2 protein chains.
Amino acid sequence: MNAKSFQQLDKVIHEKNRMAIMSLLAATRKMSFTDIRESLNMTDGNLITHIRTLQKAGYISISKSFKDKRPLTTCRLTVEGSGAFSKYVNLLEGIVKQARKTN
Amino acid sequence: MNAKSFQQLDKVIHEKNRMAIMSLLAATRKMSFTDIRESLNMTDGNLITHIRTLQKAGYISISKSFKDKRPLTTCRLTVEGSGAFSKYVNLLEGIVKQARKTN
C-alpha cells in the first residue's frame, strides 16, 4: 500500500462539504452562492465558512454583482483550484483502485 | 450532482490517517500496531488516537498478546468495519466517476 497517497490528499478539498462544493464548481465552472447552497442543502453560515477557506487557498474566486436589483454572489473555480481538484481526484481514484485490488 | 454522496461519507473513515489504516487492514485483515505505525510512518500517539476512534466505532478490534516475551498489539478489521469500508469506497468511486464525467 502506498502511504504517500493518503498523506498527499489536499486537506482543503478533503473536508466533505468542500469536496461537494469543488465537485459542483468543477462541473459548472461558476455558480451563484444561492444555487450552491440549494444544491448542497447547506446553511448560509456553513457555506460561507467553506467558501472562505476555498478562497483563501486560491481555489475559487468570488465576485459580487446585481441581478434584478438584487445582490448576486458568484463563485468560480480558479485555474489553481481546477488543478488541485484534478490532483485530488487522481489520488482518490488510486486509493479506490488499491482497495478494489485487495478485496 | 448527487449531494447525498458527500453527506453519506463516513466521518470516522474519511479522516485521511484513518482512511490509510482502514485500507491497510482491509488488505491484510490483521496487522500489529508496530507494523501499521511503520507502514504509515505515524507517531505512536497519533496512531493510538486513530486506532481508538476506529475501535469505538466498532470497525476494528484490538488484542494483546506476547511474542518472544514482548507485548504484541494486533489490530483486526471487524465485519462491521469491512462493511463500512466497502460502503465508503463505493461512495468514493461514485464521486470520482462523477468528476471524470464532468471534466
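Here is how the number arises for chain B: DSSP H runs of 4 or more residues each give -39500 (n - 2.57), the sum is divided by the residue count, and the result at 222 nm is -20000 deg cm²/dmol. Couplings 3J(HN,Hα) for the range B:51-61, derived from phi with the Karplus relation 6.51 cos²θ - 1.76 cosθ + 1.60 (θ = phi - 60°), are 4, 5, 4, 5, 5, 4, 6, x, 8, 9, 10 Hz, where x marks Gly and Pro.
Annotation: amide H of residue B:60 within the under-5 Å range of B:55, B:78, sequence separation 5 or more or interchain, hydrogens built in the peptide plane. Inter-copy label distances at residue A:90, shortest first and taken from points set 7 Å along Cα to Cβ: 3.0 nm.
Summing Lys and Arg as +1 and Asp and Glu as -1 over all other residues whose Cβ lies under 12 Å from the Cβ of residue B:95 gives a net charge of +3.
In the range A:72-87, whose amide N lies under 12 Å from the spot 7 Å out along Cα-to-Cβ of residue A:62? List them in ranges. Of the residues in the range A:72-87, A:73-76 have backbone N under 12 Å from the label point off residue A:62. Seen from all directions on average, the range B:10-93 presents a Cα convex hull projection of 5.3 nm².
Since only A:95, A:7, A:42 are under comparison, the one whose Cα sits farthest along the positive direction of the charge dipole of the range A:3-95, derived from C-beta charges on Lys, Arg, Asp and Glu, is A:42.
The 3J(HN,Hα) values that the Karplus relation (6.51, -1.76, 1.60; θ = phi - 60°) gives for the range A:32-47 are, in residue order, 6, 3, 4, 5, 4, 4, 6, 4, 9, 6, 9, 7, 3, x, 5, 5 Hz. Gly and Pro appear as x. Each other copy places its own label point for residue B:30 at 5.9 nm from this one, sorted shortest first, where the point lies 7 Å along the Cα-to-beta carbon line. Residues whose amide H comes within less than 5 Å of that of residue B:32, counting only those at least five positions distant or on another chain, are B:75 (H built at 1.01 Å from N in the peptide plane).
Taking the Cα centre of the protein assembly as shown as origin and assigning +1 to Lys and Arg Cβ atoms and -1 to Asp and Glu Cβ atoms, the resulting dipole is close to 80 debye.
Pairs of lysine residues in chain A that meet both criteria, 8 or more places apart or on different chains and Cα atoms under 28 Å apart, total 27. Here residue A:3 yields copy-to-copy label distances, from shortest upward, of 3.9 nm, the label point defined as 7 Å from Cα along Cα to C-beta. Taking the C-alpha atoms only, the angle from helix B:79-102 to the longest principal axis of chain B is near 30 degrees. Can you give the percent of C-alpha pairs in the protein assembly as shown whose distance is more than 24 Å? Of the Cα pairs, 46 percent sit more than 24 Å apart. Evaluated with a Cβ-only charge set (Lys, Arg +1; Asp, Glu -1), chain A carries a dipole of roughly 120 debye about its Cα centre, given to the nearest 20. Under the combined filter of DSSP loop state and at most 14 neighbouring Cβ atoms within 10 Å, the range A:25-103 retains these trypsin sites (Lys or Arg not before Pro): A:29, A:69. Considering only A:86, A:32, A:65, the Gaussian network model of chain A with Cα springs below 10 Å gives its largest mean-square fluctuation to A:65.
Where a number appears in this text, it was derived from the coordinates with a stated rule and is not lab data. Quick caveat: nothing in here was measured; it's all calculated off a predicted structure. Cβ sites come from the backbone with ideal geometry, for glycine too, and all protein chains shown count toward neighbours.
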